[in-house]
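Working notes, beginning with the structure itself.
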Amino acid sequence: MASILPAGLRNGVKGLDANRYATKKTVAQGMLDIALLTSNASQLKYVLQVGPKHEFYTLLVVLISVSLVLQVVMGMVLLSLNLLRDCRFHEARHRVSAQRVNYATTASAFVITVLNVLVSAFDSSLARYLEIDYVV
């Protein structure tokens with residue numbers, strides 16, 4: 001009976017395939033990371049278009065730039081974690097360094113989140129400045 005049931009089915013009931021779930025979760029997280037990176041680039045473009053007449057111009061440029069740089073650095077660190085340490089995770093010396101990199105990326109994800117909340121808080125008046133340019 002087990003040989004005629006599709007993979008993942010037990011007693012005729014579909015079970016949770018952990019590998020498929022992890023793969024879908026990783027892909028979804030990657031898409032969210034790309035969306036955040038794109039959003040920050042778009043915000044930086046608009047702030048630069050408005051220019052110094054925005055009351056928080058310098059603050060927004062710095063916050064968005066730091067967020068973008070941290071996102072790119074975190075992506076490279078996670079790539080190195082995947083390429084260099086995941087294959088040898090069973091060895092104690094690689095496990096410790098992989099855990100440290102994991103903790104560092106978790107902390108940087110928190111910092112990126114805080115930066116983006118601050119950008120959103122100070123960016124609420126941006127539309128007002130864009131409308132002034134078009135009412136000529």
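3J(HN,Hα) couplings calculated from phi for the range 90-99 with the Karplus curve 6.51 cos²θ - 1.76 cosθ + 1.60 (θ = phi - 60°) are, in sequence order, 6, 7, 4, 5, 7, 5, 5, 5, 5, 5 Hz; Gly and Pro show x. Here each label is just a point 7 Å from Cα along the line to Cβ, and for Met76 and Ser120 those points are 2.8 nm apart. Highest mean first, the peptides 60-66, 92-98 sorted by other C-beta atoms within 10 Å per residue fall in the order 60-66, 92-98. Per-residue 3J(HN,Hα) values for the range 57-70, derived from phi via the Karplus relation 6.51 cos²θ - 1.76 cosθ + 1.60 with θ = phi - 60°, read 3, 5, 4, 5, 4, 5, 4, 5, 5, 4, 4, 4, 4, 4 Hz in sequence order (x marks Gly and Pro).
Each reported figure results from applying straightforward, stated rules to the coordinates on display, with no laboratory input. This one's a predicted model, so the numbers in the text were calculated from it and none came from an experiment. Note that we place each Cβ from the backbone using ideal geometry, even for glycine, and neighbour counts take in every protein chain shown.
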